[in-house]
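Report on one structure; see the data block that follows.
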Amino acid sequence: MAPLTYSSGFPGQGSFPTSYQPQPSRLHDVEIIEIDDDESEEEEEDYDEEEELEDEDEEEDEDVDEDEEEEEGEDEDEEMTGTDSMEERSSDIEESENDVITISSGPASPGLLTSSDIQQVINPLRNTADRVSSQIEAFAQSLNQFKQHANRVGDPETFREACRLVQKYQKIAETAAKELSKSNALRKAKLAGINREGQGPNRGKLDEQVRRWQLEAETWELLSQMLSIDDPESRARAQKAQQTVLQSLHRYSSDKEVWDKFLETDHFALENVAVLRWLEKTARSSPQDIDALISELETQAERGQGLWAHGWLYTKEAIKGAKRLRSWPQPLEPDDPGLTMSLLNAEKSEPLITQLDPDAVTRQQHVLQKQDQFNEQAAWLTCWKMLRHGQSWQKVREWSHERLENWRAISVCGTPGDHSGKGDTIDSGITRLMSCRSQESWRSACLALANNPATSTFEKAVYALICGETEPAYAICQGWGDYIYVFFNHSIISRYRDFCKQFHRKLSFSPTADMPLSLESPAYESIHAFLENLRRGERTGEEARNPYRTIQSAILSRNYNPFFFHQANAVSKAASLANKATLVPKTAIAAVDDACLIAAQDEDALRIISHLFLVLQSLGYVRSDSNFVQTASINVIGYINLLRKAGKLDLIPLYASLLPEETAHVVLGNVLIDIVEPEQRQQQVNLMKRLNINLSAIVESQWQLVLSQADVKADKSTTIRLKKSVIPQAKGPGRIGSIKKNLIGRRISNEDEYLIRCLEWHRYAEDQLPNICSRGTQLYKRFMGAGRLAAARELYNRVRVDMVPGDVTGLDYSVYDIVENGFDEPTSPIKSSPTKSPAKSALNRRRPLSGNLRAELYLQSHTMRDLEYLIAAFDSLETWAVRYDHYDK
């Protein structure tokens, strides 16, 4: 399994898309200011040349250091795979805020959009964004409810809850599609009288959004159908029924009884039937190109409307003319040499049929008039459409009766109905499938017509679908769904015929003889291979690589493990190609399938994939080994990254709680580092407590990662530099020099800012409170030793010793108590004000500390306090310099 590597640095809020980006908090954000030394620092006139040269050298060194830092920052940004610098983030935010539409205040030009028109265009897009946001929250809410009720893998209650969850997701998508379609229709009606160029793209985008939600609803419906028949009880019943199903049938069993027993025992066939019904439903609700083709053929048939317009009108007229010419009252004979030479089509190229019975074309090997050929093609294509949509025999019969061609209904569906023995007539789209047992001769005739070269293409396809052939039907397939339908239709008929053969064989034995049913193994590999061929095919490749078709293919073939593995690698590859701040780790696999990459770059598809993985993982449908789960979880991390960009930070802990433990710690550490508002931090803490997430482990992982990244980028050669305090003079003992106004400065690097934020998060984790003083001391030494006094002052302003509970630091002990009792646990702990620290409320719930640990913490707290005094002194000196300069001026 490929190892995972997290990108260097922490992602920031600057990578939020402008459509969803919340206003970034400025609390604790350090303003980065470029200071011109000539303006910020004035040299005294009485400085000697040596002092002036020294100051100039220092200024040049500072400029060089700043230039080097900027160059290094640029190089690091180029090398980093997903972390933007703080400067870049702020500039991105400013650019997004400045991107506004400016409208002239003068009279509107006829060729320009008015403010009202612009609002009519923008409002639907804004409403769509709000709707998407609410649907994201609805998905998370449903998942949270499922998490609360779900139990271990294999539990029947878990399976039922998973089915309910999928149905909720389907309902969310269906509702979104209906609402968006309704609002889109109203918008089109309002803008019907406005014909401006700027509205075309938005209208197309809204139509696309409607279609995307429809496809998502279809995807969840497919999964729901597959899960609803795959419960453990149904599988157990099917396995048991295989031993006695043939004994329960007899020679007088109806087609429906035999069909029901077949589906009861063959679970794979039951899945195929569910897929067939799903394909029929999606075909009825989706826009079809076949309607346009039928309309075109009917136009070329050159006939009007009404009963008289049906049938072979032009061929019939030619036959009547030939009979009148010969005064022949009997039917014309096709073998008559005179007719063969005279009764020709309009192009005078081929002989026409001489009789009007339905099989005249096939039997006589003659043709129809051109207009009648188009009419015949339109009729057979309509028959194909009705079969493809799963229309009942009643619908087919009504259509045929309207055209005065009742024979077509019999040709398509066999007998008018099959009686189950109880007086009820079957009238459904699967009537033709049930009839295969009792009407084997009819199926054989359809097979012969499907392979007859004289049969037209559309007629071949219809008969091929009836008898279970594939190649003639593939010839007129127009989309991915048509090919899938033909494939599963063939699979069902093939397995049903095998079942019927075993049933007829059983009839030749004694009724009491035991004869178990023998079934072929499920052909999931064949389904997967067929879907792969469609993806590589020229006619279906583009649609098959659609993200929704990619997900549906994985569900149809149950190829879940490879799908989630390859999709995880694609999510990692897509994140690296975006070259933006990301939570997604890197994988070692660089080669990624293009269909997976397309799905990984689609935000809606990534949402579906992540939730699909969580549902199937809870049911045990995917591998549970740690290596696979670690890699497949990248799909969920990718969705968490989208939530972070959308500002949905309150939803992230829920999804992180479903990740592997160590992965969740790293991901949440990356997310929490960008939360700076105390209220938002406390909200995250409360959410993680409710989800039983170990905040202390997250903070520890966060600290180790940030510290290691800061060590990599740290410049070990820099040290603190202070000016001479006494300036020698030519006469006299010298004088005390002035203090620099920018003694501490304002520049703070990203790494130092993240280290300070990490230490702030220690205050929210109870087990991390004892580490604040030691790590705070470490940061003070790190900052001041390298001359980064601005970072040290920022640390002093945000994290202090007195923010840590006194029973942890030992500062609540008096000297007398320490001398008399040491650092033993006091009998009544001192309660400090809860406003000083987020951890104060947990004072009485903390585990007691040992005496040795208390002594160590006491020393560490005093060391940190001394360093706080030191940086406070530096801050006072700088304040004095500023005030003195102001007074001097």
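Here is how the numbers come out for the structure above:
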item	result
Net charge of Cβ neighbours under 11 Å - reference residue 170; Lys, Arg +1; Asp, Glu -1	-1
Sparse-neighbour loop sites [chymotrypsin sites (Phe, Trp or Tyr not before Pro); region 475-566; at most 15 other C-beta within 10 Å; DSSP]	509
Trypsin sites (Lys or Arg not before Pro) lying in DSSP loop within region 230-265, provided at most 16 other Cβ fall within 10 Å	251
Calculated P(r) of region 452-512 - Cα pairs past 18 Å, %	47
For 501, 385, order by how many other beta-carbon atoms lie within 10 Å, fewest first	501, 385
Relative exposure of 226, 434, 784, judged by other C-beta atoms within 10 Å (fewest first)	226, 784, 434
Cα centroid separation, region 591-651 to region 510-571 (Å)	20
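Each value in this text was obtained by applying a stated rule to the coordinates, not by laboratory testing. The shown structure was predicted, so the numbers you read here are calculated from the model rather than taken from an experiment. No Cβ is skipped: glycine too gets one built from the backbone with ideal geometry, and neighbour counts run over all protein chains shown.
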